[in-house]
Structures are given as structure tokens and as C-alpha cells.
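Presented below is the structure to which this report refers.
Read the figures in this text as sums done on the coordinates, not as results from a lab. Remember, predicted model here, so these are calculated numbers, not experimental data. As a convention, Cβ positions derive from the backbone with ideal geometry for all residues, glycine included, and neighbour counts pool all protein chains shown.
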Amino acid sequence: MHVDVKGLMPDSHYYYRFRVGTWISPAGRTRTAPAAGSDAGGMRLAAVACQAYQDGYYTAHRHLAQEDVDVVFHLGDYLYEYPVDAAGGARRYNDRTLPDVFNRETTTLADYRLRYALYKSDPDLRAAHARHPFLVTWDDHETENNYAGAVDENGSPREQFLARRAAAYRAYWENQPLRAEQLPQGPDARLYRRLAWGSLAQFDLLDTRQYRSDQAYDDRPHAPGAESDDPARTLTGAAQERWLLDGWRDSDALWHVMPQQVCFSQRRFDLTAPARVSMDAWDGYRASRNRVMAGAKAAGVDNWIVLTGDVHVGYAFDIKDDFDDPQSRTLGTEFTCTSIASGGNGSEKPANWDTYMKANPHMKYYDGRRGYVRVELGREKAQVDFRTVSGITQPGGSISTSASFVTEVGSPGLKSA
């Protein structure tokens, strides 16, 4: 059911519900953005990602439903294509048994529709949707792990994978708050789009899956080399890249926020040189990243925030003009929002914490637990809080703020709050 309501007042809360015959749904709440160009003083957002149902409970969504935020950005992996067993995986149900239809990988339209039905049966996820408007973009698992454009993980025939992608994209559109403009045409869908919060912020939601070149070096961690650094390689596709850079050039917004999927900042895995990096993230597409960074500088984007999902950990980065020179200019900041459930409980300091923090001096924070990021944008600064839950393999975990950072208008870079 998609109802594209027109004529709503700007900067207002609305409540809604659905009626079918004698059945009336619970009430939901949403809100509208301030009028275009208006002098909005501030806003709060949350960023979430990666909610593998079989890895645990959606405790973070339960707490998110109680937060005072204006909008939630979902940055991908809303569902996972992997099988879910009769016990619900790590949920270990003792009061129900899931049918065998879920205990297989999703490949058909019916499979994907049923998987959304399973995920949306979760009361904590429903509570978050009922409380806040969501702005969504996909990553890989809504279709298939680490796919790149028309190439899947297993090297299937192109026509076969595009049929699967068409099914996945259709089910995604049917089950997400998306407008008619995002309705897929076969295996293609225009998901990247631009929204504004008055004159305070411009949001450029990216799609880094549908148009990307295949990962270099068989998608294994590898030091950057001729294959990955080929300037013809792209993460966004040429049309989306032009759209992004043109949108920055034409913008008068104070903050430019780029919600997207995979780590933008350099992330070295080793202390030795040459260090390995991820071929699935922007590190595997450095020419593409360089073009985006050059476009940000050319457009005079001073207050730039990148929001990222995918990695199931929380990171805070300074985006450096030259990641190999810690003294180079800071262009913006990046925050990864960890996962809602993927990866299980996680730990405060993963085993590679020391290595990553030493190998990446622009990395200011690293935490492996579940949760989300909360951001308050103002006219003078932005404050970012990493909200972390105590655990997810049992329902009812608590939440706390594990770290807070501030980045000031006109002075990019992270400071502890």
C-alpha cells in the first residue's frame, strides 16, 4: 500500500492509520520538513543499518522508537537473503516455530516478499516505523551479498542475476516508504535522490550498488593497485556522480549530509605497508572517491557529513584531503552507525581495535556493539552521539551513549563533546 499524500503543511507532525473493512490499523506518526529555503534552526536525525533477523532482537529499534528525532535514515541491509531456521536463528524461539519457507535463500519475488513479512512482524521494528518517518536506501543484502551492478557473488549468468535483482528491487519498493518515482522498471530503479530541511541541510542519498564496477582483486582485502585504481572504475556510475556534484554546486544549504552505504574514508587493515583495504568500499574505488572529494572542494562544501552503514561497527572519521598525510586538510566527517542486529552482540573493543586505531590516525572512534547514530544539526555545530545497546541475543537490553562528538560550522573535524 503506497499513499502519496499531497497538500500537507510544512514543518508539521501528522498521525495516520489505515482502514480495510472493519479492520483499523494502529496509528502511526510522521512529520513534514520545513518549507524549502526556510530558516530552520535545527533538526535531529538517526542513522541505522544492517538488521539480520537471525542474529538477534531489534532492541535498538525499540529504543529508537522512544527517541526525539525528526527522521530516520536507513542505510541498507534492511533484510538479509540468508536462510532463517525454525528457531529464528539467535532468537532461539521457544514459543513459536518458523515455517520452512524461510529456511532458504531468497531468490524469487515470493521469497523476498515473505522475508519482508517476517522482518516486519517484529514489534520493535514496527514501533520505530510508527513513530518516525524513514528515508531508505539499499545496500547489497536486500538482493545478494556484495553484488556489483549486474554481477553477483557467484558469477551467475547476467540474465539470471538481473531477474533476481528485479524481484528484489520490486519487493523492496513494495515494502518501503518510497514514492512512485522509485518504482522499479524491471531490474532498474532510480533510488538516489535529494531532500532538504529548509536552508539548514541538504541530504543526498546515494545508491552505491546498482551502478558500480565489479570489485577489484576478486573482492578480497588487498593493497590498492593498478586494478583497483583504474580511473574508469566507478562506485556511483557517471550519471549519479554528476547529479551529486551538480547538486552541491547549486546548493545554498548550511550542512551537506551524504547518507550512503559503504565506508567512504580510508580504512587500513594492517600496520605494515602496503596495507590491505576493502575492495567493496570506497577504498577499492579510489578514483571515484577522488572525484567526489574534488567536487566537494570545487563546490565549497564546508560542512560535509557522510553517514555510512554496512560494517556492523561504529566508526568516527575525519575525512582528509590526503588520507596518507594526517596533517592534510580535513574536508568533512564520516560516521558509521554500526548495525541493529547483524553480527550479534559484538564487543566494545574488537580484536583488531589497536591495529585499526594506529593504522588510521583519522579514525577517532571504533566500537563493535549494536545500536545507531543520533545527529543534531544546528546553525553553529553538529553533535553526534553513538547510541549502544547492552546486547541483542536476549530481548530487553538497555541503551547508553558510548561516545559523543562535535563538528563546528566552518571548521571541519571531530572534537569530543
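Would you mind finding the one in 93, 57 that is in a loop (DSSP other than H, G, I, E, B), touching a residue at least 60 places away in the same chain (Cβ under 8 Å) and not basic (Lys, Arg)?
Details: 93 fails: touching a residue at least 60 places away in the same chain (Cβ under 8 Å).
Criteria check complete, one pass: 57.
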*Would you mention how many residues in the range 250-294 are small (Gly, Ala, Ser) and within 18 Å of the chain's Cα centre (by Cα)?*
3
*Among the residues of the range 347-366 satisfying the criterion of being among the charged types (D, E, K, R) and closer than 25 Å to residue 321 by Cα, which is nearest to the chain's Cα centre (by Cα)?*
364
*Quick one: how many residues across the range 239-276 are more than 23 Å from residue 47 (Cα to Cα), in contact with a strand residue (DSSP E or B) (Cβ under 7 Å, 6 or more places away or on another chain) and of a type in the set (A, V, I, L, M, F, W, C)?*
1
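Check whether at least one residue in the range 119-136 is assigned to a helix (DSSP H, G or I), within 17 Å of residue 104 (Cβ to Cβ) and aromatic (Phe, Trp, Tyr), and report yes or no.
Quick first cut of the range 119-136, residues assigned to a helix (DSSP H, G or I) only: 119, 123-131.
Filter once more, so that each one left must be within 17 Å of residue 104 (Cβ to Cβ): 119.
This time we only want the ones that are aromatic (Phe, Trp, Tyr), so: 119.
Within the range 119-136 (the criterion being assigned to a helix (DSSP H, G or I), within 17 Å of residue 104 (Cβ to Cβ) and aromatic (Phe, Trp, Tyr)), the answer is yes, since at least one residue qualifies.
Can we say residue 218 is exposed (fewer than 15 other Cβ atoms within 10 Å of the Cβ) and of a type in the set (D, E, K, R)?
yes
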_Matching residues, the range 152-189, being surrounded by fewer than 17 Cβ atoms within 10 Å (Cβ to Cβ) and outside any helix (DSSP H, G or I)_ = 153, 154, 155, 156, 157, 177, 179, 183, 185, 186, 188
*asked:* I'd like the residue in the range 304-330 that is out of contact with any Ser or Thr (no Cβ under 6 Å at 6 or more places or on another chain) and polar (S, T, N, Q) and, out of all such residues, is surrounded by the most Cβ atoms within 10 Å (Cβ to Cβ).
replied: 330
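Taking the range 368-383 only, how many residues are buried (at least 20 other Cβ atoms within 10 Å of the Cβ) and more than 17 Å from the chain's Cα centre (by Cα)? Walk me through it before giving the result.
Narrowing the range 368-383 to residues buried (at least 20 other Cβ atoms within 10 Å of the Cβ): 368-375, 377, 382.
When the remaining residues are screened for being more than 17 Å from the chain's Cα centre (by Cα), the result is 377, 382.
Within the range 368-383, residues that are buried (at least 20 other Cβ atoms within 10 Å of the Cβ) and more than 17 Å from the chain's Cα centre (by Cα) number 2.
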